Structures are given as C-alpha cells and as structure tokens.
There are 2 protein chains.
Amino acid sequence: MSTVLKALHLLDFFDEQTSSFSLNELVTLSGYTKSKVRRYLLDLLEGNMIEYCSSTNTYRIGLMPLRLAKVREACTPMQAAIDNEVRNLSHKLNESVHCCIEIGGHILRISVVQSKKKNRIVLPLGEKVPWHASASGLAILAFSSEEKVLRILNKSLPSFTEYTVTDINTLKEKLTVIQQRGYSVSENMLENGISSVAVPFFNPQQQACGALSVVMPSIRFGPFYSQLPIDLILRSAKKATSLTLGQFPKCFPGHNKQVLYAN
Amino acid sequence: MSTVLKALHLLDFFDEQTSSFSLNELVTLSGYTKSKVRRYLLDLLEGNMIEYCSSTNTYRIGLMPLRLAKVREACTPMQAAIDNEVRNLSHKLNESVHCCIEIGGHILRISVVQSKKKNRIVLPLGEKVPWHASASGLAILAFSSEEKVLRILNKSLPSFTEYTVTDINTLKEKLTVIQQRGYSVSENMLENGISSVAVPFFNPQQQACGALSVVMPSIRFGPFYSQLPIDLILRSAKKATSLTLGQFPKCFPGHNKQVLYAN
DNA sequence: TACTATGTTTCAAATAGTGAAACGCCAGTT
DNA sequence: AACTGGCGTTTCACTATTTGAAACATAGTA
C-alpha cells in the first residue's frame, strides 16, 4: 500500500460526530505506529488537508477540502442537484426522501427532505447507513462488483430487528432480485416500523455511487408499494446521475423502458 | 519533500477555470515525471480525492473533499461565520465588504456583500486576488513568514495601474508598515478608482489565513480613511478568527489595545 | 516527588518510490 | 496498409524515503 494512500486513510476517521483527534487517538484508530501517524499528519497539515489546534492538541479538517469541494461543486454541482431532486421527489410523493452516497467504503446520508405528514420518518444528515440493512445500501451493492459485495458482506453483520437479514446467501439472493427490478425495498430491516424503497445512481465510471430513497412508517408502506411510483423515483435518480456526469450501466433494467412493479 | 505532499500538490492545480486534467497536462504543470504523476493520480483516485472520467481521459475532484468539507463546516461553520461578519460590517459602514482566504497558495474571495450606495464596488465571488496588488493580499503577507513572503513576491509581478507596486523592496517596506498598524491600504493599486482597507485574520496555528476588506470608490476614500473605523473592522476580523477557532498572534498590534490611526 | 499520558526526536534497516526506456493503443495522414 | 505522433501503461534496477523502536521531553496529576 502506498504512503499516499495510508496518509489519506487517516482522513476517513473524521466525521461530524468526531471531528477532531489527537495523535494518539489516530494511532489507536488506524493501528499505525506513532511515528507513521505523526509524519502523515505533518504532511496533511502542510498540504492544508488538516489543521492543528494547539490549545487542544488536536487535528481537524483544514481549508483545502473546502477549496476542492468548491471547485468540484462549481463544475458539477452535485450537492445542489441532489438536494433539488430530493426536494422534488419528497414534494411529489409527500413522504420523506433522502439521498446517500458512498464515500470511503461507507454510505453517508448527504441530503434529506422530510414528509409534511404528522407521522413521518426523520433522518439525521451525515449519518452512516449500514450496507446490509438499508434499501440504499442494498441498491448500491446490487450494482457493484462481486468482489466488492464479498468484501462488504463477508463479515459478521449486526442484526437490528427480527427482519434484518445477516446471512450472506440470503442477501445475495436479494441482490439478484434488485438487479432485475432496479430498485430495492427495506421493510423493518433497520428499525421496526420503518420501510423504504431505494434506487441507485451512478458515477462516470458507471459504478453505483449512491441511492435515492423514499422512506415512510411501515403502516403506510403497503398501499404505497402496491402502486409504487417507480417511474418518478427512477427519473429523479437518472437526473441526479446525469447532472453529475454519471451514466447508468447497460445492465440496469428499464433500458428496455419496461418497468417492473410490485412483487 | 515527502511523497504525500508531492501527491497532494497535484490537487493545487484544480480550480474553477480548469477543473479537470489529463495525465500529460499534470505532467507539464507539475514538472514531475510521468510515472510519478500517474502513481500519485492512482493513489488519489483510490482515496476518492479525484475521479477519473474515462470518456475524456481526464481527472477531476472526487467525492472525498465533499465529505470532508461537510465535516468541517458541520463542526466549525466558517463560511457561515464569515458571511455573517461581512454582512454586519457592510451594513454598519454602508460600503462593500469582502473576505478572502488563502488556499493552496492563492487568495480567493469567498464572501462579498455590496454597499447599498449607487456608486459602489461590485466584486465577483470566487475570484483570485493578486498578492501584491490588493489590500487583502498584503494584509496576509505582512503576517506571514519571511520565507513565504520571498517565495510569493520574488518573481516578476504584473502591474495593473500606475500605482501598482512591483518592486520587492518597496513592497517589503509596505509590509513593515502594515505589521505596525495591523491593517493594509490599497489605493488604485489593482484598478484605478478602487481603494480599500484590509485586516487579516488567523487560523489556529496563528498564521494569517485570510482578510476582511472594506472597498469603495477612491473618491470616497479620503474622508473614510481620515476617520477610519478600524475598531469595527478589527472586531469583525477577531470574531471571524474566534469563530473558526483561530488565534491572533502576539506580534499583532493592538494587543496593547492602542490602535494606530491614519498615516 | 514520582507517575502517567502525551507528543517529539533520532537513526540504522528495509521498504517503497523513482526515472528511463520500452511497450501498446488509437486516430489521423500519406 | 503502413506510417506517425500523441497519449497512457508497464517494467525494473537503483536508491532515497519511509519505517519502527527506543530514548527523550513535557504537561498534568496524585
């Protein structure tokens, strides 16, 4: 593994919950030796990827990512495009809609719009979502390489409810179904009473890089699913894809324009 | 120079104008050998810092910077804090106010609020500002290391008006004055008819990382400067500094609370 | 004062980075 | 079809950078 990659790996630990670390904390988290971590941190510091706060002896994200994000958003305004699609879709369906993208091996929720209904699902922004127990995670996995699927699912997976599927073979079968349908469904898999439908979207390399998901109380899911507005959801996913210069792969169903509904 | 830093250096070339590059373009820009650049790009790719677009054979900024920027803004909302100070200051002075920060060796304007007066200065957001011919640039330089000053000023500097100073020794004298006063002044240096005053602000390492600047038609500058509301401007700069967890250095004048006015 | 937890420095050993050159591929030209 | 130039890819011997362990420094605490 290259030095550059090892250094960049340190950045993976920073998130909204834990946004700054001391040297020793990163030593523990990364498993690298102290000298290694220190050297990397100094390099990242000089490259403006992180900042050092001398009063607390901790490191946090620096200004360079801000600049780079600005550059990226300036030429391909993904965040704006996605926020827009999520808002539209939520407005049309009057259910909560959220969008997750995969970064650094995790799925992160980067956009949410809540339903206006009294009984609705409220999802925190920036949260990590489990691969195997969310419609979004499965939607992405279904259009990922076999190797990646194995890497992610081939470990002991946590069970959240009695409906969480943790067996790799059952999960693989689920993925096959999702590949055929083009969307995934989660009923009470992550938390009892919450159900959702997700459609993946793709990056320029035609890899699934995120998913749009409609999420609601399970009590409303039956009627919703029986006349699933998959066209609407798909259209949003395609728009999000094209706005970020991505491309749906040939293997995606509905290339033949025939969309499969419920069951 | 470490490998990590050399790899990160490639990211410096990406900006709003030129947001994607082929391998060879980066070879030319960086002066590195082809093998080197390629290796670095692959590492950055795997670290999600960049994306590869196979249809154009070019690289552009990836998703990781987006994530990191989000993390940073979530814990220290710099952009929001600065926008706020710029708005306040502009409102109080009724002149255009803007804020620049230094990223990757350049000064970028990241926040602007226009004066409400008919005759006012309108500045584009995201523009690069020259180090030697702007109040902001000089304000930052005055509180930067000698080595950095030399690196930046020790090349042939463009002349914008007959008032642009391009001689390094004259510029250095200017910097000394700014160090004593805590603010910098630009009269017609970048464009005839535009004058401004700038105060630097600082990051946690007490390095000048940006500047707040009040800018107006030169015709109003005399009266303005004769009773310069430096306290107001300084207070805004200090607030911007503290909100981003930064710290003014000991060497900054006014630690003794005595503020020097005009001339 | 001693103790502990943290960050810093050092240096020989070894791993990972390096540049040059050869290679393969594609598109445009003759 | 053969030639050409431009670009990305692969390879490999050489060596410079990275590495880990251990000693050192410093700050906070009992």
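The values are calculated or read from the model by the stated rules, or taken from the named source; none is laboratory data. Not measured: the values here are computed from a predicted model. Note: ideal-geometry Cβ built from the backbone for every residue, glycine included; neighbour counts use all protein chains shown. Please note that ligands, DNA and RNA were not included when accessible areas were found on the heavy atoms of the full protein model with its side chains. Shrake-Rupley method; radii C 1.70, N 1.55, O 1.52, S 1.80 Å.
Below are the figures for this structure:
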read-out: Segment B:14-23, residues that are touching a strand residue (DSSP E or B) at 6+ places or on another chain (Cβ under 7 Å) and either within 8 Å of DNA strand D (Cβ to nearest atom) or part of a helix (DSSP H, G or I) (or both); value: B:SER22
read-out: Residue identified as open to solvent by 30 Å² or more (accessible area, probe 1.4 Å), within 8 Å of chain B (Cβ to nearest Cβ) and not hydrophobic (A, V, I, L, M, F, W, C) among A:SER54, A:SER19, A:SER35; value: A:SER54
read-out: Subset of segment A:86-103 (residues that are under 20 Å from A:SER184 (Cα atoms) and touching a strand residue (DSSP E or B) at 6+ places or on another chain (Cβ under 7 Å)); value: A:VAL86, A:LEU89, A:SER90, A:LEU93, A:GLU95, A:SER96, A:VAL97, A:HIS98, A:CYS99, A:CYS100, A:ILE101, A:GLU102
read-out: Selection from segment A:1-16 of residues that are of a type in the set (Gly, Ala, Ser) and open to solvent by less than 20 Å² (accessible area, probe 1.4 Å); value: A:ALA7
read-out: Boolean, B:GLU95 is touching a helix residue (DSSP H, G or I) at 6+ places or on another chain (Cβ under 6 Å), assigned by TED's automatic domain parsing to the domain that holds B:LEU212 and among the charged types (D, E, K, R); value: no
read-out: Qualifying residue in segment B:34-41 (condition: closer than 21 Å to A:GLN207 by Cα and either at pLDDT 85 or above or away from DNA strand D (no atom under 13 Å from the Cβ) (or both)); value: yes
read-out: Residue in segment B:178-196 that is under 15 Å from the mean Cα position of the chain (by Cα) and of a type in the set (Val, Ile, Thr) present; value: no
read-out: Verdict on A:SER156 being under 21 Å from B:GLU51 (Cα atoms), of a type in the set (Ser, Thr, Tyr) and at pLDDT below 90; value: no
read-out: Checklist (1) at the interface with chain A (Cβ under 10 Å from one of its Cβ atoms); (2) under 21 Å from the mean Cα position of the chain (by Cα) applied to B:GLU95, failing item; value: (1)
read-out: When residues of segment A:18-37 are limited to those that are free of Cβ contacts under 8 Å to residues at least 40 places away in the same chain and away from DNA strand C (no atom under 11 Å from the Cβ), the one farthest from A:ARG109 (Cα to Cα); value: A:TYR32
read-out: Residue match in segment B:59-71 (condition: within 16 Å of DNA strand D (Cβ to nearest atom) and either open to solvent by 40 Å² or more (accessible area, probe 1.4 Å) or not assigned by TED's automatic domain parsing to the domain that holds B:LYS148 (or both)); value: yes
read-out: Qualifying residue in segment B:73-89 (condition: within 14 Å of another protein chain (Cβ to nearest Cβ) and not in a helix (DSSP H, G or I)); value: yes
read-out: Only listed residue being under 29 Å from A:PHE13 (Cβ atoms), part of a helix (DSSP H, G or I) and either more than 23 Å from the chain's Cα centre (by Cα) or modelled with pLDDT under 85 (or both), chosen from B:LEU26, B:LEU66, B:LEU5, B:LEU11; value: B:LEU26
read-out: All helices (runs of 4 or more DSSP H) inside segment B:112-221 with 1 or more residues being under 23 Å from B:LYS239 (Cβ atoms) and either touching a Cys at 6+ places or on another chain (Cβ under 9 Å) or open to solvent by less than 30 Å² (accessible area, probe 1.4 Å) (or both); value: B:135-142, B:168-181
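Conditions tested, residue by residue: (1) within 29 Å of B:HIS91 (Cα to Cα); (2) assigned by TED's automatic domain parsing to the domain that holds B:SER115; (3) of a type in the set (A, V, I, L, M).
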residue: B:GLU146; (1), (2), (3): no, yes, no
residue: B:THR164; (1), (2), (3): no, yes, no
residue: B:LEU190; (1), (2), (3): yes, yes, yes
residue: B:SER196; (1), (2), (3): yes, yes, no
residue: B:VAL215; (1), (2), (3): yes, yes, yes
residue: B:PRO223; (1), (2), (3): yes, yes, no
residue: B:ASP231; (1), (2), (3): yes, yes, no
residue: B:LYS239; (1), (2), (3): yes, yes, no
